[in-house]
1. Going by C-beta contacts inside 10 Å, put Thr61, Thr86, Thr134 in order with the fewest on the left.
2. What value, in deg cm²/dmol to 500, does the helix sum -39500 (n - 2.57) over DSSP H runs of n ≥ 4 give at 222 nm once divided by the residues of the chain?
3. Over the Cα atoms of region 106-166, how large are the radius of gyration and the largest Cα-Cα distance (Dmax), in Å?
4. Between Leu19 and Leu110, what is the spin-label point distance in nm, taking each point 7 Å from the Cα along the Cα→C-beta axis?
5. Mind checking the full-extension length gain between Ile103 and Ala58? Use 0.36 nm per residue of separation minus the Cα-Cα distance, one decimal, nm.
6. Mean Kyte-Doolittle hydropathy of 0.5 or higher plus an axial Cα length of 18 Å or more: which whole DSSP H helices in the chain meet both?
7. Please state the relative contact order of region 3-165 as a whole percent: Cα pairs under 8 Å, 6+ residues apart?
8. If you count, for each residue, the other Cβ atoms within 10 Å and average over each peptide, how do 36-45, 138-147, 109-118 line up from highest to lowest?
Amino acid sequence: MSPGDTQALVSVVAGLAILAGLAGVVVPGLPALPLCWGGVLVWALFGGAGPGRWAVLAAATVVAVGGEVVKYLWPGRNLKRAGVPTSSLLAGAALGLIGFFVIPVVGLVLGFVAGVWGAERLRLGGNRLAWPATVQALKAVGLSILVELLAGLVIAALWVAGLLVA
């Protein structure tokens with residue numbers, strides 16, 4: 001195997017890891033940003049690119065760490081402000097996970113909504129008060145997904161730029 005073939009193979013493996021990471025934004029169990037970052041790491045270590053690969057890896061590291069932090073802090077702050085307790089989110093996560101296996105893909109969302117709504121209904125004592133908290137939880141999850149997707153896309157763009165420059 002020639003060095004060019006090895007570099008191409010490493011680039012393909014890195015690209016597949018980044019694609020898996022982007023899919024991990026919506027697929028439970030796949031660590032999205034760590035996979036994206038890992039793809040860049042593999043490419044930087046074994047891809048044979050020039051010295052710019054370390055700058056790409058450093059930038060991808062900053063984006064991955066920043067994305068992981070922001071995806072929890074920003075939506076969490078919004079939920080605290082709206083008064084939605086962690087216990088309701090945990091109930092939603094548990095039912096969402098169960099729902100994912102009972103009704104593939106769609107069950108995740110349905111289970112999460114049902115879990116948060118049920119926990120809030122028990123806590124607040126009625127549908128009228130439980131539904132706004134459920135909507136806030138859905139907005140927070142959507143924001144978290146959006147932050148993670150954006151960070152993953154930025155990492156992918158950095159890697160592609162590194163491929164083009166190297």
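Bear in mind these aren't lab numbers, they're just calculated from the coordinates by the rules spelled out. What you see is a predicted model; the values in this text were computed from it and never measured. Neighbour counts are summed over all protein chains in view; Cβ atoms, including those assigned to glycine, are modelled from backbone coordinates with ideal geometry.
1. Sorted ascending by nearby Cβ count, the order is Thr86, Thr61, Thr134.
2. -30000 deg cm²/dmol
3. Here Rg and the maximum Cα pair distance are 18.3, 61 Å.
4. 3.0 nm
5. Full extension from Ile103 to Ala58 adds 12.2 nm.
6. The qualifying helices are 3-23, 32-46, 86-102, 106-124, 127-165.
7. Computed over region 3-165, the figure is 25 percent.
8. 36-45, 109-118, 138-147
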